[in-house]
1. Can you name the condition, by its number, that V60 falls short on among (1) in contact (Cβ under 8 Å) with a residue 40 or more places away in the chain; (2) in contact with a helix residue (DSSP H, G or I) (Cβ under 6 Å, 6 or more places away or on another chain)?
2. For segment 35-60, give me the residue count where each residue is in contact with a Pro (Cβ under 6 Å, 6 or more places away or on another chain) and more than 22 Å from V108 (Cα to Cα).
3. May I ask you to list the residues in segment 3-24 that are polar (S, T, N, Q) and under 16 Å from R69 (Cα atoms)?
4. Select from segment 101-122 the residues that are acidic (D, E) and open to solvent by 90 Å² or more (accessible area, probe 1.4 Å) and write down the one among them that is modelled with the highest pLDDT.
5. Just give me the residues in segment 55-100 being closer than 16 Å to M37 by Cα and either charged (D, E, K, R) or surrounded by fewer than 12 Cβ atoms within 10 Å (Cβ to Cβ) (or both), in sequence order.
6. If you go through segment 5-20 one residue at a time, how many are closer than 17 Å to V108 by Cβ, of a type in the set (A, V, I, L, M) and surrounded by 15 or more Cβ atoms within 10 Å (Cβ to Cβ)?
7. Looking at segment 24-44, which of its residues are crowded, with 21+ Cβ neighbours inside 10 Å and under 12 Å from the mean Cα position of the chain (by Cα)?
Amino acid sequence: MQNIKHLDGPTFEADVLKADLPVVVDFYADWCGPCRMMAPALDRLAGEYAGKVTVGKLDVDINQDIAIRYGVMAMPTLVMFRDGKMVDRMVGYPGSANPIRDWIEKNVPSAKPVPAEIKPTA
């Protein structure tokens, strides 16, 4: 997971709440099967949205206090933070990257990838 930022309690405020970019936090656990299934899709999306949205993972077993603070009751749960506030959440793995991509673009319209310019043929 080279594109995903690993988050933890001591740096959560700086990395998420005071971040310049919107942040998607994946509340996960190592023992969670759907979390492991969703990981490649999140890594791909983190690469697609690099510079527009930060995607990070937070282990709920190590950071239970943060999970409780944001009402995380099931894993995986994706939470969108913008300007230091939780703005939306998605609970469960929807089966592919596409519903997650749609959810990100709904919450951060400016993150939508710009289509390549059509070049005239010579």
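1. (1)
2. Keep residues of segment 35-60 that are in contact with a Pro (Cβ under 6 Å, 6 or more places away or on another chain), which gives 35, 38, 53.
Then keep just the ones that are more than 22 Å from V108 (Cα to Cα); that gives 35.
Final tally of qualifying residues: 1.
3. Within segment 3-24, the first condition is being polar (S, T, N, Q), and the residues that meet it are 3, 11.
The one that is polar (S, T, N, Q) and under 16 Å from R69 (Cα atoms): T11.
4. Kept after step one, since they are acidic (D, E), are these residues of segment 101-122: 102, 105, 117.
From the residues that got through so far, the ones that are open to solvent by 90 Å² or more (accessible area, probe 1.4 Å) too are 102, 117.
Values: D102: 96, E117: 51.
Within segment 101-122, the match that is modelled with the highest pLDDT is D102.
5. Once the filter is applied, which keeps residues that are closer than 16 Å to M37 by Cα and either charged (D, E, K, R) or surrounded by fewer than 12 Cβ atoms within 10 Å (Cβ to Cβ) (or both), segment 55-100 yields K57, D59, A74, S96, N98.
6. The total comes to 2.
7. We begin by selecting, within segment 24-44, every residue crowded, with 21+ Cβ neighbours inside 10 Å; these are 24-28, 35, 38, 42.
Result: V24, V25, D26, F27, Y28, M38, L42.
The values are calculated or read from the model by the stated rules, or taken from the named source; none is laboratory data. It should be emphasised that the depicted structure is a prediction, and the values quoted were computed from it without experimental measurement. Cβ: placed from backbone, ideal geometry, glycine included. Neighbour counts: every protein chain shown. In case anyone asks, the SASA skips ligands and DNA or RNA and just uses the protein heavy atoms, side chains included. Shrake-Rupley method; radii C 1.70, N 1.55, O 1.52, S 1.80 Å.
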